[in-house]
Every structure is written in structure tokens, then in C-alpha cells.
1. Report the relative contact order of the chain, percent, no decimals, based on alpha-carbon pairs under 8 angstrom and at least 6 residues apart.
2. State which stretch of the chain is the longest one without any exposed trypsin sites (Lys or Arg not before Pro), exposure meaning a DSSP loop state and at most 14 other Cβ atoms within 10 Å.
3. For the range 238-254, what does the Karplus curve 6.51 cos²θ - 1.76 cosθ + 1.60, with θ = phi - 60°, yield as ³J(HN,Hα) per residue in whole Hz, taken in order and with x for Gly and Pro?
4. For the cross-link pairs 52/113; 38/65; 227/320; 113/158, which exceed 19 Å when the distance is taken from alpha carbon to alpha carbon?
5. Can you pull out the chymotrypsin sites (Phe, Trp or Tyr not before Pro) in the range 244-327 that DSSP calls coil and that have at most 10 other Cβ atoms within 10 Å?
6. So which GluC sites (Glu not before Pro) in the range 253-304 end up in coil per DSSP with only 12 or fewer other C-beta atoms within 10 Å?
7. Given Cβ point charges of +1 (Lys, Arg) and -1 (Asp, Glu) and nothing else, what value in debye, to the nearest 20, does the dipole of the chain about its Cα centre take?
8. Taking the Cα centre of the range 25-103 as origin, work out the dipole magnitude from +1 charges on Lys and Arg Cβ and -1 charges on Asp and Glu Cβ, in debye rounded to 20.
Amino acid sequence: MTAETLKNKFEIKELELNSLLEITQAINNNLAEASLYKIYNFILRANHNIKKLALFVLDDQWECKAFHSTAHDYGKIELDEKFLSVKEIEYLENEDPSLPFSEFDILIPIVHKNKTLAFVFTDGMKGEDGQPNEDFTFLQALSNIILVAIENKKLARKELKQEALRREMEIASNVQKYLFPENLPYGRGLKVVASYLPHHTVGGDYYDYIPINRNQFLICIADVSGKGIPAAILMSNFQASLRTLVRQTPNITAIVEELNYLILENAKGENFITFFGAIYDHSLKTMVYVNAGHNPPILMDKKKGTILLDQGTTILGSFKTLPFLNEGFLTDLDDFLFFLYTDGLTETLNEHGEEFGVDRLKKLLEKEKDGELKDLHQHVMSDLDEFRGKNAYSDDITLLSCNISV
């Protein structure tokens, strides 16, 4: 080997080393992925032994991030699925030169922790013996360094996103906990019991019991569309507004109209709330209620039988003025069971795709109506578990029961 040849080899190795140092410094400086791909492409363009190259990287899908000196525009070409199973360096058979990928003679998969991150297609890397030349090692090293660094960037972003989501859900969960009343009455003449089963960390259900005066109380249930912090904040505003309005007026119609206006103002039509609210008067033995697009609660009265409370209006937060609004009014109520729930209960599916349904719920309540409310909820959930079989719950479930007795 002549001195001139040694000098050339030394200069090439020095250039390669400087290139590796340059890309390492760029990674340490936290350059954007697009910038790293540009540097990668620029370095390889300067290597005259690499005649052409295309780099395909897996993001949400396979995309060509860098290519040069090719006959095809690989930025507009999808990666052929036949290459996806390649795990080791593969020598490509030249096919019809008009076809994409036929212009390359070597395929290099870039694998990290058993995951294929990228494919490098190249030409001009074979020596006279048909084996990869010395520049091949440099190409492998450079590709591995930059692609592992980019993969680490993706993982870091994913972890940050997951942590932000976890924190958001934690905040929303804490907000929601404050919505529910701390204590519900459970004494002679009046018993109220609630059960809440969220489908995720944060659900969209809300229930409340609000004493108005010595004779009256409001009981309600609601379900907000959407999840996470926006839904939790909307429901928090809803609860605060409802409690304020109840102190100002016992008129359920006026309360519902104002709630509709406030939800529309706060949510801008992006979310809505189904709501049922009822005011019971112990002295008059009356109940006035409005059902705003919610599942009709079931009232079981010893004198009147079973009644579905469906009078009211449509969902709240979708119309500036509610298209209709009717109050339901019941009299002579002094010994009854009142059962409220969200649609997660009746819309639970079994393994045959059948819904639990209202009729099945009514039969269960008829059987259990004379028992303790605390036991009633356990029996409802037990029957629901048996009904659904191996099917998972698909929504939040809230149960709210009220028993008035003489």
C-alpha cells in the first residue's frame, strides 16, 4: 500500500470521525428531528462511494426522511411491504429498473431492542469482491447513532405526554370528588344512597342531594358529554350554579332554564349535559321535577305503582332557548322508592349484544323495593355483573336511591 493510498484512507477516516462527532454534537444540542435528518443527508451526499440512498423511518407510518441521487422521488413512494420482514442486511436483486427500489443493491435494517426503526436503501457500497466496502461500516454507524437518538426523542415525548395526561386525569379526578356530597341522609323517614363506578379514572357523572329548607330538598343526577379536565370543570361549574340557584328559588323550571343558559355560555356548544332534578316537599307530600334528556328515573309508590319520570325538556347546553319545557308533578307521595341512574347501567351489554335495559331493571327493583337501600345497590350491581358476563363496562355507572316512608 503506497503512502498516497494510506494518506487518502487516513483523510477519509478523519472525515468520517468528524462527521460522527458533528452528528453527536447536534444530538447533544437537542436539535429537532428534521434538522438531524438534514445533517444525515448532507454527510452522506459528501461520500462519493455512496451513489444513492433512501432512508425510510417508522413514525405513525413508514415515511422516507432522506434520499439523494435517486431516479425516483421516494418522498412520494410508500415502503414496499415485502421489506418489512427483513431483519438483517440483504442484497437486493435488480428488477425492472423502472420500478421503485430496483435501483438499490443493499438494504440495511436499523434495529434497536428488537424493534425495526428504519430501513436504509443504498447503492455503490459493494467492493470488487461483491462484499460491502469500508464505507459500509460508517453508514451503519451513522444511521444507528442518529436513529436511536431520534427514537429516544420519541420515547421521551411519549413519556412527557403520558405524564401530562396522568396529571390531567388526577386533577380532573380530584375536581370530580368535590362534586359529590360528603354525607347523605339515612334516617327515619328519609334515606338516600349513592353508588358511583367510573369507567376510567375520571367519569362524567354527577349526583347531589341539596336541602332547601325544613320541608323541601332537591335530588338530582346528571351526565356530561366528554371526559377529562374540560368535562370536570364544566360539571364543577354546573354544580356550583345549581347550588346557588336552589338557594335563590325553589322553581325547578327557572333553575333548568338558567342552567341551560350557563352551560351554553361555558361550553360554547361543545359539550352538553343530561340532567334530572326533583324537589320533594315533606309537608305537602308532592314532587315537582324536570327531566332534561336523562334516563327516566323509576318511582315505585305503594298507591300509584311504578312510574317513569320522563316529563321535562331536551339536553342542556345545545339550544339558546329550550324548545319545550314541561314540569312533572306528583301528589300524595309519602311512602315510595325513588331510583335514579345514568345510562351506563341500562346500556351495559352482555356477550350476545343485548342491553340490560329498563324492563330488567324495573323487575329487579320490584323484587328488592322493600329491602335496605344499601343492599339494593349491591344487588343491582351483582345482577349487572352476572348479566354482562365477560363483557367489560363501557361507561360510567351511577346509582342514586331515595326512600321516603311515613
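FYI, it's all coordinate maths here, none of it is from the lab. Fair warning: this is a prediction, and the values are worked out from it, not measured in the lab. Here the Cβ is made from the backbone with ideal geometry for all residues, glycine too, and neighbour counts use every protein chain on show.
1. Normalised by residue count, the contact order of the chain is 12 percent.
2. 1-86
3. Karplus-based 3J(HN,Hα) across the range 238-254 equals 4, 4, 4, 5, 4, 5, 5, 5, 5, 6, 8, 7, x, 7, 5, 5, 4 Hz.
4. Details: 52/113 28 Å; 38/65 9 Å; 227/320 23 Å; 113/158 17 Å.
From the list (52/113; 38/65; 227/320; 113/158), the Cα-Cα distance tops 19 Å for 52/113; 227/320.
5. Values: sites: 261, 272, 275, 276, 280, 289, 319, 324; in loops: 272, 319, 324.
Sites meeting the loop and neighbour criteria: 324.
6. On the way: sites: 257, 258, 265, 270; in loops: 270.
When the GluC sites (Glu not before Pro) of the range 253-304 are filtered for loop state and at most 12 Cβ neighbours within 10 Å, 270 remain.
7. 1480
8. The calculation lands at about 520 debye.
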